[in-house]
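Engineer: Let me give you the structure first, and then I'll get to my questions.
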Amino acid sequence: MSSFTFHPDASHAAAMTVGKVITATATTTGAFFDTSEFSACFTAVDGSAGAGDIQFTSATYTVGEAGGTAAITVARVGGSNGSVTANFSTSNGTATAPDDYAAVTNLPITYADGETGTKTVNVTINNDSTFETNETVNLSLSTTQINRPDFAPTAPNQAVDPHAAVLTIVDNDPPPSFSIDDVSHSEGNSGTTSYVFTVTKTGNTALNAQVDYATVDGTATAPSDYTAIAPTTFTFLPGETTKQVTVLVKGDTNVESNETFTIHLSNAVNATISDADGTGPLSTTTRPALHRRRDP
């Protein structure tokens, strides 16, 4: 009694649905070609039994933005019967392609009959000079496709739904910084004089940044010398680089030394502060002295 192993090729595998009866023929060679048919050799069963499943080796992967590529590993688990394939794809999480990474779509990962172990897919990461939060890429594997089953009725069915994982790209760029300039004017003898300070954000960023500002008394005091500003928040959109603060300084005719007050920056969000204080020296203006003329 002889036996044989049946492996349908790709053009016939699709027709081999569970429950169909497979027959076989045998043909002799030589001067005469005699053919015999063996009816109902066996019934097609679920050939995925023991084929195993291609899965991610981790639910999370991490790579530095300057890393160049992220190595994503997958493994065949639960069996090695026959040849199997799963398709690997990426999709945007908070990271976007092609700016942050190179997208991958339906990249086939194939294990041959009996092959196990891990395989690696490399995802290209783009390094930039823009400050941003750590960003994510969604990873997916399609349902494992059994290409060439090898009948093993006692093995468990390991073909399962698609698997997912997340790749985190760790940003390597410094946050922007805030600074404020100094302003000097003559306070004048009356009315008010505007002291205009400029707050500057330096550095590329993809995020909104905030900083608080407020006046602080020095030798000049509010409200007698200037109008105080309570703590206030500036919000800089990614493309904004400067904003201005105006302090009204009061003029008088008092004889006094030069005085100062400060605009102080604090509580930076998504940024640092490189120069926290803008000084406003008040140069005093006095009326000229009057000299009484004496008659001879």
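Engineer: What are the residues in segment 204-232 that are under 30 Å from Pro174 (Cβ atoms) and not β-branched (Val, Ile, Thr), if any?
Structural biologist: Step one: of segment 204-232, the residues under 30 Å from Pro174 (Cβ atoms) are 204-216, 229, 231-232.
Result: Asn204, Ala206, Leu207, Asn208, Ala209, Gln210, Asp212, Tyr213, Ala214, Pro231.
Engineer: Return a yes/no flag: does segment 152-159 have any residue that is under 19 Å from Phe56 (Cβ atoms), out of contact with any helix residue (DSSP H, G or I) (no Cβ under 8 Å at 6 or more places or on another chain) and either at pLDDT 95 or above or not acidic (Asp, Glu) (or both).
Structural biologist: Step one: list which residues in segment 152-159 are under 19 Å from Phe56 (Cβ atoms), which gives 158-159.
Retained after the next criterion (residues that are out of contact with any helix residue (DSSP H, G or I) (no Cβ under 8 Å at 6 or more places or on another chain)): 158-159.
Still in the list and also either at pLDDT 95 or above or not acidic (Asp, Glu) (or both): 158-159.
So far as segment 152-159 goes, yes, one or more of its residues are under 19 Å from Phe56 (Cβ atoms), out of contact with any helix residue (DSSP H, G or I) (no Cβ under 8 Å at 6 or more places or on another chain) and either at pLDDT 95 or above or not acidic (Asp, Glu) (or both).
Engineer: Taking only segment 109-151 into account, find how many residues are of a type in the set (Asp, Glu) and either modelled with pLDDT of 95 or more or within 15 Å of Gly79 (Cα to Cα) (or both).
Structural biologist: First, pick out the residues of segment 109-151 that are of a type in the set (Asp, Glu): 113, 115, 128, 132, 135, 150.
From what is left, the residues that are either modelled with pLDDT of 95 or more or within 15 Å of Gly79 (Cα to Cα) (or both) are 113, 115, 135, 150.
So the count comes out to 4.
Engineer: Continuing with this model, one more query. Can you tell me which residue among Val249, Val245 is in a strand (DSSP E or B), modelled with pLDDT under 95 and surrounded by 14 or more Cβ atoms within 10 Å (Cβ to Cβ)?
Structural biologist: Numbers: Val245 fails: modelled with pLDDT under 95.
Every option except Val249 fails the conditions.
Engineer: Looking at Thr284, is it modelled with pLDDT of 75 or more and touching an Asp or Glu at 6+ places or on another chain (Cβ under 6 Å)? Break it down into steps so the answer makes sense when it comes.
Structural biologist: Working: modelled with pLDDT of 75 or more: no; touching an Asp or Glu at 6+ places or on another chain (Cβ under 6 Å): yes.
For Thr284, the condition - modelled with pLDDT of 75 or more and touching an Asp or Glu at 6+ places or on another chain (Cβ under 6 Å) - is not met.
Engineer: Conditions: (1) more than 40 Å from the chain's Cα centre (by Cα); (2) at pLDDT below 95. Asn204 meets all but one. Number of the miss?
Structural biologist: It is condition (1) that Asn204 fails.
The values are calculated or read from the model by the stated rules, or taken from the named source; none is laboratory data. Just so it is clear, the model here is predicted, and its values are computed rather than measured. Because the Cβ atoms are built from the backbone with ideal geometry, glycine has one as well, and the counts that use them run over all protein chains shown.
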